[in-house]
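For reference, the structure discussed in these notes is given below.
The values are calculated or read from the model by the stated rules, or taken from the named source; none is laboratory data. Remember, it's a predicted structure, so these values are computed and weren't measured experimentally. For neighbour counting, all protein chains shown are included, and Cβ atoms are generated from backbone atoms with ideal geometry for every residue, glycine included.
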Amino acid sequence: MKKNPKIFLSFLKIGAFTIGGGFVMLPLIRQEVVDRRKWISEEQFMHFLTIAQSSPGVMAVNLSLAIGWEVNGFSGALSGLLGAVLPSFVSILLIAMLFLKYFESAWLTAFFKGAVPATSGVIGAVVFVLARKNLKSFSQYAALLVTTALLVFWQANPVLVIILGMVVALWVTYRRQV
Amino acid sequence: MIFWQLFLSFFRIGIFSFGGGYATIPLIEKEIIVAHHWLTLPQFYQVVAVAGMTPGPVGINCATFVGYRVGGVLGSIVATIAVVLPSIIIVSALYYILKKYLAKGEESVTVFLSAMAPVVLSMVLTAAISIAREGISDFRAILIALAAFILATATKLNILYILGGAGLAGILLYK
């Protein structure tokens, strides 16, 4: 199969089966593009995740664009984007058109009562895997704990946290060069 | 012109929403309810709840739903394209810059990226924590979350199967 359909199908599959927003897609995207397809390395995944988080917009869409770029240039980026967006677009359109009430069923509620805790588990796992591979120093782990505390306990604005992170990262880079 | 307004609103959401997922909801709320009255507040929260139960990113779900309510199928296409357009431009630019500096073998880029890594990971960790706070209500749920964490780190099991299995466990335990 050509590369673009492969990229499209990979993201389509992930987009179609992950319920609960973009962060749920993250562990699946990592498993698909790093472990299974071996399109990019763990380190590159971390780079693209940084791009995705530093850009505005929908995080999972940003990530699909950056990975698509790496695998097959601009057409690859558009293939990834289309795959990530299409399931969401189609399912919402159907719900809006047909007013399906399936999301009020007791079976589905019970399903989500089990699936949602697992979601937090697999997202936690992707942090664990990426940290083990990409964080090498004590100060990086300390920074992870401090920023997480800022976000969780003080509900710090994510934009400010990203900007603060960039300022600190620039300072670290500058000091390393002097 | 309604399509142009839809386009502008969701383009703005695409440019100014940072942090991903539910962090973008206050901004969407401002554009859709305060600025344009396209939905009422209860309607909006229903959309957010539905968005959480349908596939894909919440931002896309909101754009598609509101676009359809305001301007039919064409409206949903316009809103969805508008919300991803800033991403295409900005991510492509950042990707290009990253590639250029990495190709030059500039060590400073690697240092910068490794200094940013903890911040980026803290955002993901925060997502996991807030989902856990919302979704974990009893001891059984804690066990499910722990089992999912261990399976996802220690085995190569497809993560979809982990999530699906947890859903089935939910039906057995809570139905």
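So the values come out like this:
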{"item": "Filter result (closer than 21 Å to residue A:28 by Cα, surrounded by fewer than 18 Cβ atoms within 10 Å (Cβ to Cβ) and not aliphatic (A, V, I, L, M)) within segment B:158-175", "result": "B:158, B:161, B:164"}
{"item": "Complete set of residues in segment B:23-57 that are within 7 Å of chain A (Cβ to nearest Cβ) and modelled with pLDDT under 75", "result": "B:23, B:50, B:52, B:53"}
{"item": "Any hit, segment B:131-138, residues being under 18 Å from the mean Cα position of the chain (by Cα) and in contact (Cβ under 8 Å) with a residue 60 or more places away in the chain", "result": "no"}
{"item": "Residue tally, condition surrounded by 24 or more Cβ atoms within 10 Å (Cβ to Cβ) and more than 14 Å from residue B:159 (Cα to Cα), over segment A:107-126", "result": "2"}
{"item": "Residue in segment B:58-69 that is surrounded by the fewest Cβ atoms within 10 Å (Cβ to Cβ), counting only those that are at pLDDT below 90 and within 8 Å of chain A (Cβ to nearest Cβ)", "result": "B:69"}
{"item": "Residue ranges of helices (runs of 4 or more DSSP H) in segment B:1-108 with at least 1 members touching an Asp or Glu at 6+ places or on another chain (Cβ under 9 Å)", "result": "B:2-16, B:41-53, B:58-103"}
{"item": "Residue, nearest to the other protein chains (Cβ to nearest Cβ), within segment B:133-157, restricted to residues that are modelled with pLDDT under 90 and buried (at least 17 other Cβ atoms within 10 Å of the Cβ)", "result": "B:135"}
{"item": "In segment B:70-88, residue nearest to residue A:66 (Cα to Cα) [restricted to those that are at the interface with chain A (Cβ under 7 Å from one of its Cβ atoms) and not hydrophobic (A, V, I, L, M, F, W, C)]", "result": "B:87"}
{"item": "Meets criteria (surrounded by 24 or more Cβ atoms within 10 Å (Cβ to Cβ), in contact (Cβ under 8 Å) with a residue 60 or more places away in the chain, within 13 Å of residue B:56 (Cα to Cα) and of a type outside the set (Phe, Trp, Tyr)) for residue A:15", "result": "yes"}
{"item": "Boolean, residue A:34 is touching a helix residue (DSSP H, G or I) at 6+ places or on another chain (Cβ under 7 Å), closer than 19 Å to residue B:157 by Cβ, without any contact (Cβ under 8 Å) to a residue 60 or more places away in the chain and more than 7 Å from every other protein chain (Cβ to nearest Cβ)", "result": "yes"}
{"item": "Helices (runs of 4 or more DSSP H) within segment A:13-129 that include 2 or more residues more than 13 Å from the chain's Cα centre (by Cα)", "result": "A:42-54, A:59-98"}
